[in-house]
1. Could you please find all residues in segment 131-145 being without any contact (Cβ under 8 Å) to a residue 60 or more places away in the chain and part of a helix (DSSP H, G or I)?
2. Quick check, is G106 surrounded by fewer than 14 Cβ atoms within 10 Å (Cβ to Cβ) and not charged (D, E, K, R)?
3. In this structure, is L144 among the aliphatic types (A, V, I, L, M) and either farther than 27 Å from L65 by Cβ or in the same structural domain as L18 (by TED's automatic domain parsing) (or both)?
4. Here is a list of conditions, (1) assigned to a helix (DSSP H, G or I); (2) touching a helix residue (DSSP H, G or I) at 6+ places or on another chain (Cβ under 7 Å); (3) aliphatic (A, V, I, L, M), and L66 meets all of them except one; can you say which number that is?
5. From T223, T211, T219, which residue is closer than 16 Å to A87 by Cβ, more than 12 Å from the chain's Cα centre (by Cα) and of a type in the set (S, T, N, Q)?
6. Go through (1) closer than 19 Å to Q77 by Cα; (2) under 22 Å from the mean Cα position of the chain (by Cα); (3) part of a helix (DSSP H, G or I) one by one and return the number of the condition A31 breaks.
7. If I ask for residues that are of a type outside the set (S, T, Y), surrounded by fewer than 18 Cβ atoms within 10 Å (Cβ to Cβ) and assigned to a helix (DSSP H, G or I), which ones from segment 34-52 would you list?
8. Scan segment 83-110 for residues that are of a type outside the set (A, V, I, L, M) and farther than 21 Å from G227 by Cβ and report the count.
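The values are calculated or read from the model by the stated rules, or taken from the named source; none is laboratory data. Just so it is clear, the structure is predicted and the values come from calculations on it, not from any experiment. Note that we place each Cβ from the backbone using ideal geometry, even for glycine, and neighbour counts take in every protein chain shown.
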Amino acid sequence: MSAINFRVPALAFSLGALFIMSLTMTLLGVAHQGLDTPLTHSFAGAAAIFFTLFMISERYNPQPLLPQTLRACTELQISLWTSVFFAALCVPAFFLLAWLLKNSYGFGLLQILLSIALILLMVRAGHVLGEKFQAEFTRDKRLLLGFTLVAAGTGMIAVMSEGCAFWLAPLPAMILSGLGLGMVNHARNIRLQVIAAQGRWLNGVALIASTVVSLALLTMIVTIYPGYAGLENGFTLLGIFALAGMVVALMAEA
């Protein structure tokens, strides 16, 4: 399907957006108001209703968000799940890292920005490595390697003891995670090149939705578990996302 004749399915997109908004507000409501409150229950009920309506729309609407022809496209399915877990790792990782550096290591704004700049440099380096490995590894193996590096980096911080020296765990974890994210993004971009316009648009939607929900989920975690426990649980969740990405890469390779 070309970019010329592709039209956004308004009803399906609206229902999906309302579900994501309601789910996000539910998670934030749990974080700031608690689980057993009328406001949280209202948001959760709205999320359930919009999800049900969205699924009904996908089943019976002649213009669903994911048409039947695209549901059978393995390339699109792999790219969508890759985008979901890439987005769930990318922005939330910067959020958690800044929280870690400020609260556990006393970093100021300039030091935090320099640390983020280091990760961005590693992301670019990972992208370059992905290009150099094209002859040696398939894109799915590069995708697997990228998610593996991210899992190693996030896992390293999740299991380190509080007060661990910066150069001993956080710094290597930042380097590994940055390289991994760069390789994942490179493999994702390669796959997007062979996908139709609607598939690329859906990947953009998946990126935004996953980023919003994962940020809300991490906000809930660090609020419910104050102090270092929240950081541990947050990086553990990121590690789980990376492991899920590895499963996607293995399925693509199979």
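1. E131, K132, R139, R142, L145, listed by residue number.
2. Values: surrounded by fewer than 14 Cβ atoms within 10 Å (Cβ to Cβ): yes; not charged (D, E, K, R): yes.
Yes: the conditions hold for G106.
3. The answer is yes for L144.
4. With (1) assigned to a helix (DSSP H, G or I); (2) touching a helix residue (DSSP H, G or I) at 6+ places or on another chain (Cβ under 7 Å); (3) aliphatic (A, V, I, L, M) applied to L66, the lone miss is (1).
5. Only one candidate passes the filter, namely T219.
6. If we test A31 against (1) closer than 19 Å to Q77 by Cα; (2) under 22 Å from the mean Cα position of the chain (by Cα); (3) part of a helix (DSSP H, G or I), just (1) comes out false.
7. If the condition is that a residue be of a type outside the set (S, T, Y), surrounded by fewer than 18 Cβ atoms within 10 Å (Cβ to Cβ) and assigned to a helix (DSSP H, G or I), then P38, L39, H41, G45, A46, A48, I49, F51 are the ones that fit.
8. Narrowing segment 83-110 to residues of a type outside the set (A, V, I, L, M): 83, 85-86, 90, 92, 94-95, 99, 102-108.
Now restrict to residues that are farther than 21 Å from G227 by Cβ: 83, 85-86, 90.
Number of matching residues: 4.
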